[in-house]
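What follows is one structure encoded as structure tokens, with my remarks underneath.
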Amino acid sequence: MEYGQLCPLAKATEILAERWTFLVIRELLSGAVRFNQIRRGVPLMSPSLLSQRLQRLEREGLVRRESSGSSHLYHLTEAGRDLAPIVRRLSRWGERWVLGHIDSRKPDVTALMWAIRRRVDPSVFGGVRVTVQFEFTDQPQAKRCWWLVNEATYVDLCPKDPGFEVDVYVITDVQTLAQIWVGKLQLSAAINAGNLELTGPRGVRQTFGQWLLLSSFAQREAAKL
């Protein structure tokens, strides 16, 4: 879309206001450099559209592409990195004014798991590897199980069994976990009501609540209470 105005805001909006663009930039700011890494952070975005957005960002000077074997690496340029405070401020605005109105009754399990992956504290388990398996009773077989592998300071999300011994099992439905994540339902209340089952060694189960940071919106609502 072109606004045809001699205005820096209009020009910036022409580049950045396209659907998915800010989320692609968010993934690049988070350290994703390969196409598949970026796509994992925007699972509902088609590969062709992601390719288009990356090409547009490259043309506009926000992204630099370099060859790496048979694939490419994508890096933000100085202009792209300069968007970091804008992305953070926009995210905080969304957490304060929008996130509480998100309909958690019909969440997408893929988007939910990626959101949770970004909001855990990998340090609480120490330096050992801890694998958390989520099983969603209301999902089809292909999306029923997910694994978060916590290793030192890094957490990886696996839609397929990574082959590690599972330390904590979480059995629930997507709506329950979404409501917990946005602060509409307490983890303990979901467990007591039988809507979420948490199994594993006692010490790991107790640490799970500290590991699962929830959304920033949920944390602020808890602080108010």
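The values are calculated or read from the model by the stated rules, or taken from the named source; none is laboratory data. If you're wondering where the values come from, they're calculated on a predicted model, not measured in any experiment. Cβ atoms come from the backbone with ideal geometry, glycine included; neighbour counts cover every protein chain shown. Protein only, heavy atoms only, side chains kept; ligands, DNA and RNA dropped before computing areas. Shrake-Rupley method; radii C 1.70, N 1.55, O 1.52, S 1.80 Å.
Results, tabulated for the structure shown:
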{"quantity": "Estimated FRET transfer efficiency (Ser67, Thr137; beta-carbon r; R0 41 Å; 0.05)", "calculated": "0.35"}
{"quantity": "Cleavage-rule hits (trypsin sites (Lys or Arg not before Pro)) in region 136-215: DSSP loop, at most 12 neighbouring Cβ within 10 angstrom", "calculated": "Lys160"}
{"quantity": "Integer Hz, Karplus 6.51/-1.76/1.60 couplings in order for region 168-184, x for Gly and Pro", "calculated": "9, 10, 10, 10, 6, 10, 4, 4, 4, 5, 5, 5, 5, 5, 8, x, 7"}
{"quantity": "In sequence order, calculated HN-Hα J values of region 27-44 (Karplus, 6.51, -1.76, 1.60; Hz; x Gly/Pro)", "calculated": "5, 5, 5, 7, x, 5, 10, 9, 3, 5, 5, 5, 5, 4, x, 10, x, 8"}
{"quantity": "Cα-derived Rg to Rh of the chain, Kirkwood definition", "calculated": "1.00"}
{"quantity": "Amide hydrogen neighbours beyond the local backbone of Leu196, cut-off 5 Å, H modeled", "calculated": "Ile191"}
{"quantity": "In degrees, nearest ten, helix 47-59 long axis to first principal axis of the chain (Cα)", "calculated": "40 degrees"}
{"quantity": "The chain - percent relative contact order, Cα under 8 Å, separation 6 or more", "calculated": "15 percent"}
{"quantity": "GNM result for the chain, Cα springs below 10 Å: residue of Glu14, Glu60, Glu197 fluctuating most strongly", "calculated": "Glu14"}
{"quantity": "In degrees, nearest ten, helix 84-97 long axis to first principal axis of the chain (Cα)", "calculated": "50 degrees"}
{"quantity": "Amide H contacts under 5 Å for His72, placed H, 5+ residues apart", "calculated": "Phe35"}
{"quantity": "Cross-link reach list, aspartates and glutamates versus Lys11, counting only Cα pairs under 13 Å and skipping chain neighbours closer than eight places", "calculated": "Glu2, Glu60"}
{"quantity": "Loop-located chymotrypsin sites (Phe, Trp or Tyr not before Pro) in region 1-102, at most 16 other Cβ atoms within 10 Å (DSSP)", "calculated": "Tyr3, Trp20"}
{"quantity": "Residues of the chain: accessible area per residue with a 1.4 Å probe, Å²", "calculated": "58 Å²"}
{"quantity": "0 to 90° range, to nearest 10: angle between helix 202-211 axis and the chain longest Cα axis", "calculated": "30 degrees"}
{"quantity": "Other-chain or far-sequence residues with amide H under 5 Å of Val63's (modelled H)", "calculated": "Glu58, Thr77"}
